[in-house]
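Throughout, read-outs are computed from the coordinates displayed, never taken from laboratory work. Since this is a predicted model, take the numbers as computed values, not measurements. Backbone-built Cβ (ideal geometry, glycine too); neighbour counts: all protein chains shown.
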Number of protein chains: 4
Amino acid sequence: MQVNWESIIQATYEKVKDLDDKGVVASYIPELVHVNPDSFGVHLSTIDHIQYGVGHFDVKFSIQSIAKVLSLSLAYQIVGDKIWTRLGVEPSGTAFNSLVQLEADKGIPRNPFINAGAIVISDILLSHLKNPKDDFLSFIRSIANNPELDYSSRIAASEKSAGFLNVALCNFIKSFGNIHNDPSDVLDFYFDLCSLEMSCRELSELFLFLANNGRHLSTNKPILTSSQCKRVNALMQTCGFYDESGEFAFKVGLPGKSGVGGGIVAVHPNQYTIAVWSPKLNGKGNSYKGMRFLEAFTTESQLSIF
Amino acid sequence: MQVNWESIIQATYEKVKDLDDKGVVASYIPELVHVNPDSFGVHLSTIDHIQYGVGHFDVKFSIQSIAKVLSLSLAYQIVGDKIWTRLGVEPSGTAFNSLVQLEADKGIPRNPFINAGAIVISDILLSHLKNPKDDFLSFIRSIANNPELDYSSRIAASEKSAGFLNVALCNFIKSFGNIHNDPSDVLDFYFDLCSLEMSCRELSELFLFLANNGRHLSTNKPILTSSQCKRVNALMQTCGFYDESGEFAFKVGLPGKSGVGGGIVAVHPNQYTIAVWSPKLNGKGNSYKGMRFLEAFTTESQLSIF
Amino acid sequence: MQVNWESIIQATYEKVKDLDDKGVVASYIPELVHVNPDSFGVHLSTIDHIQYGVGHFDVKFSIQSIAKVLSLSLAYQIVGDKIWTRLGVEPSGTAFNSLVQLEADKGIPRNPFINAGAIVISDILLSHLKNPKDDFLSFIRSIANNPELDYSSRIAASEKSAGFLNVALCNFIKSFGNIHNDPSDVLDFYFDLCSLEMSCRELSELFLFLANNGRHLSTNKPILTSSQCKRVNALMQTCGFYDESGEFAFKVGLPGKSGVGGGIVAVHPNQYTIAVWSPKLNGKGNSYKGMRFLEAFTTESQLSIF
Amino acid sequence: MQVNWESIIQATYEKVKDLDDKGVVASYIPELVHVNPDSFGVHLSTIDHIQYGVGHFDVKFSIQSIAKVLSLSLAYQIVGDKIWTRLGVEPSGTAFNSLVQLEADKGIPRNPFINAGAIVISDILLSHLKNPKDDFLSFIRSIANNPELDYSSRIAASEKSAGFLNVALCNFIKSFGNIHNDPSDVLDFYFDLCSLEMSCRELSELFLFLANNGRHLSTNKPILTSSQCKRVNALMQTCGFYDESGEFAFKVGLPGKSGVGGGIVAVHPNQYTIAVWSPKLNGKGNSYKGMRFLEAFTTESQLSIF
């Protein structure tokens, strides 16, 4: 099928740009508020090498929880399906119930995209990587052929200073025996992962391997097996947006992942990735304009997976 | 892409048929136990008019909760997006938490595929149909071009005699004001819907409209709009298998719906539907062999949507 | 110790009478709203035969949940400690969690004073009494030497018409097997029990056996054994006021039981009972002025059990 | 009333001593297991200066959570009723739900005797005491006229090494803003408090002020006001035994507090205190023989408060 990406994206961008943005910038991480709240960028990358961006698509932002897909991918590559003995693959049901759910499930996080699950993934990586922080960075730089990808020490420090809830989560899981390293080491690494910064263009390029059956687009080398890639996509579909995951599948119809920095990346298997960024968040913690853009985009392009 | 459906289905069927079936036949509805526990049938229907069945694909069974997709479809057709003021589109998170969740969400069921949600859908249909039981039957018979589809009064009566939990659910929702009709009328209709019987062949044919953008395959008349169809598929993907929905997306990668009668139907948008039936259920209430078959089938055929 | 009951009660009554009553009359049972919201009565009965009332102490009102102490007493008398295989003796923790708690505890109500527990007690009585409604009335009439005690069919009918939550509770418990009779028979009897009407004077006289070691004050015949009586008092102390039970122990320091009709009865073992009635309820469902009166009364008289 | 304490205690002790003890010694704090599991001591102190002990009543043990009554008393003395803006007075309902409950109640612990509540009390003391650890020790030494009371640094260190759940709790409460000091300082102080060691004799003497209207028995100086004393007793009655508090009120009928070291202290207002110690715990975390002894003791002596 021949899609005129450019005109669809351009038209959708124009329509959403001027919407009255009901969202608010995340404030629980002090540093995150120092962002231009009206930023709005979109970038598409297809496996046929089409690239198209509008707005602030080249401005770096804090990808926050989107990094959970990347840390899962590296852990999955290293450990394989054994990671599922330490966490599940089911939606968590509600926004803030991670602690409740952990109590019921005895320290086994429901999935890798809630904080509890990503903390366990961090613990797994810590046990397997020699220099966790450097090795992880090498991993994503090599996927993206992009040596400029980096952490923000400013954001990481800010998160550490306010991360009491994550300290609680990590120690709670440790009390069930499902954290093997020292909780403060695990949290340090976790906060570093969340502090990754990149632009919409860089983000959509970085995620292309998930639209390409787990393979590096230019070298065709496998990063994940085909089956692992499908499973990561399935997890993004069912668990990528906290308790708005159902809504996202319902309205957008693509696997995706959001972060409280206002970024969203979505993947159409075998076709394309699209990254959106707008910092004001809706009540569920997902980018208000980002959600609206993607809904309009898949409606217009008729390119949801459903 | 040219797929040799026949050989993939045949080979997968043979492989799964002789697995040691760890499941048990549902017993909470007394009548359901009167089934041959070793039944195992599969039937595929493509939008290109390919039909292929193996095993007991022509034996009628109780589709149970699979009917929830059909009652949702009719309510969605009649009322449109206004139904979402009365129930949500999010996964419920756990198997048995419907009552807990209803308490937290003040009588708004999490989605149309948990019992609470299907009861609200029944209430909506009751308010809009003249002869609910007959009208619903006409609806599905016309979709399937199959005048033989019917309820089982034996199964319905059996469920009524043991349906205390559903009586509790319906009255609990009523206490929040989200049931408009008399609870016993709502429950009678609900139990009738659950008692529908059909074969794998009939089931896969009936669901073809969801693989065909909401349109009747032979007449091309719309049953649902394209957008409604995508949304029903998305809901099956995120909520179709209780608290095994994530697992199903992860391992099978298709929208689908299961029932405690041991049936599962899955939809590959724009391609095909496949129905599986084997009465023994795993610990989550889904057909043990059915799940195993579909996992092997999409792995083999490389035809998940992810 | 010589206490000048009369002056303490009179002074406390005057002080509380003119408080700005922040409460509201219960409205979920339609008939309950037809009460004079400014009613306020108090009556004390001691085991030394002192009787003293002020205000509307001779006006009958709907005792509602206070009846749960009486149905527990009769069931305890008939069945003995075996009743504790069907319900617990622990506070429930929160106001509205009866359904949540029942789910976690598999149909075993936390205590006999939450609705779920009182419904199980009704079921037990139904299994043991020949003419439940008449036999129960005879039981309380004989305790009180008062043939005028009676149900209100008007209140009972009103409750039945709006009792969806109790229908939900009873059927939910039945789904766990902890209701042995037909749910609608159990509920009919339960609603009758809740409809008992009496005045503060009658109520304080009726409860005197619990201040008298379980014995009828005039005949000295045992209604409960001494140990059973202590246990009923202990249950009132820990569970008598829903999720305000701790607060009541903390501020008033007496075993007691409240009802949504605005009545409260409290028992000082070996000394006295006191009944208070004022229909406007605080946010926890307990009489606003009643709580205030009893707090001031035990502070003034220095007669809490602690 | 003239009670022959000696013979009742002696007889009850003999009866309970040889019971088959179904309990197990607490193991979650590594150091606690180094105790003689068959230790069993009882000591009574009355406000009439009667003292009577049997068994290992003079062996020091780790009082653990019993210290929560003492830290509450000091905080209540210093801050008064304002402490109730930071925690509640209601039973928590279940054993392990502190995290669940904190989530629902936004960081306000249900009562001062669950861990979450005692951690908030520790935080309050930290804000008001110059040398918290020393000042608290002075407080209890002066109450007891006993300069030998002391912490166990060995136990405190052991608890710190394994206290992940308490670290989780403290940081979780901090995330709601209800901890004002640094979480690790609060936890250090909290673990010190829990490490107090004393014998049954010392424990029953130390608690006598709660049987004496809040006053020091020998000097008659107030430690708590009469009203504060009643309230602390009421809290022990409703919340002193985790989710066995109802059971304790029901079977023993006295305010009391238990610790996982196997100690229990109970208070009969205006009469006596009794301390029991036996390290093996029942399934709810309370001393198996201790509970049995107190039940038999109050049944025999007819001296429950109910």
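A few notes on this one:
- Listed from fewest to most Cβ neighbours within 10 Å, the set C:202, D:90, A:148 follows the order A:148, C:202, D:90.
- Helical runs assigned H by DSSP (4 residues or longer) give chain C a calculated mean residue ellipticity at 222 nm of -14000 deg cm²/dmol, each run adding -39500 (n - 2.57) before division by the residue total.
- Dipole size of segment C:137-251 about its Cα centre, with +1 on Lys/Arg Cβ and -1 on Asp/Glu Cβ: approximately 480 debye, rounded to the nearest 20.
- Compactness of the protein assembly as shown was expressed as the Cα radius of gyration divided by 2.2 N^0.38 Å, which yields 1.01.
- Cα gyration tensor, segment A:15-148 - rounded (a/c under 1.5), prolate or oblate: oblate
- Rounded to whole Å, the principal axis extents of the Cα atoms in segment B:237-306 read 28, 20, 17, largest first.
- Whole-Hz ³J(HN,Hα) from phi, Karplus 6.51 cos²θ - 1.76 cosθ + 1.60, for segment A:277-287, glycine and proline x: 9, 7, x, 6, 9, 7, x, 9, x, 10, 3
- Scalar couplings 3J(HN,Hα) for segment C:62-76, obtained by applying the Karplus form with A = 6.51, B = -1.76, C = 1.60 to θ = phi - 60°, are 7, 7, 6, 5, 4, 4, 5, 5, 6, 5, 4, 4, 5, 5, 5 Hz; x denotes Gly and Pro.
- Between 0 and 90°, nearest 10: helix D:5-17 axis offset from chain D longest Cα axis: 70 degrees
- Taking the average, over residues, of other Cβ atoms within 10 Å as the packing measure, peptides B:286-298, C:38-50 rank B:286-298, C:38-50 from highest down.
- Pseudo-label separations to other copies for residue A:176 - Cα-to-Cβ vector, 7 Å, nm: 2.0, 2.3, 2.6
- Within-13-Å neighbourhood charge of residue D:79 [Cβ basis; K, R +1; D, E -1]: 0
- Counting only DSSP beta bridges whose two residues both lie in chain B, roughly 100 percent are antiparallel.
- A dipole drawn for segment A:5-301 from +1 and -1 charges on Cβ atoms has a positive end, and of A:170, A:296, A:137 the residue lying farthest that way is A:170.
- Count Lys and Arg as plus one, Asp and Glu as minus one, and take only other residues whose Cβ is under 11 Å from that of residue D:19; the net charge is then +2.
- Positive minus negative residues near residue A:57 (Lys, Arg vs Asp, Glu; Cβ under 12 Å): -1
- Among the listed pairs B:17/B:257; D:82/D:251; C:284/D:284, a Cα-Cα separation exceeding 23 Å is found for D:82/D:251; C:284/D:284.
- Karplus-derived 3J(HN,Hα) values for segment D:80-90, using 6.51 cos²θ - 1.76 cosθ + 1.60 with θ = phi - 60°, are x, 5, 5, 4, 6, 7, 10, 7, x, 10, 9 Hz; glycine and proline are entered as x.
- Each part gets one Cα centre, and for segment B:136-188 versus segment C:132-199 those centres are 30 Å apart.
- Residue-averaged beta-carbon neighbours from other chains (10 angstrom radius) around B:99-111: 3
- Gyration tensor verdict on segment A:51-113 (Cα atoms; rounded if a/c is under 1.5, prolate if a/b is larger than b/c, oblate otherwise): oblate
- Cross-link reach is defined here as a Cα-Cα straight distance under 18 Å, omitting same-chain residues fewer than 8 places apart; for residue B:174 the lysines meeting it are B:106, C:160.
- By the count of other C-beta atoms within 10 Å, a proxy for reagent exposure, B:121, D:29 are ordered fewest to most as D:29, B:121.
- Residues whose placed amide H lies under 5 Å from that of residue A:25, excluding near-sequence neighbours: A:281
- Per-copy distances of the residue B:80 label point, shortest first, in nm (7 angstrom along Cα→Cβ): 5.4, 6.3, 6.9
- Chain A versus the axis that turns it onto chain C: the residue with the nearest Cβ and the distance in whole Å amount to A:104, 5.
- Cα-based shape type of chain A, given that a ≥ b ≥ c are square roots of the gyration tensor eigenvalues and the cut on a/c is 1.5: prolate
- Ranking of A:113, C:57 by count of other Cβ atoms within 10 Å, fewest first: C:57, A:113
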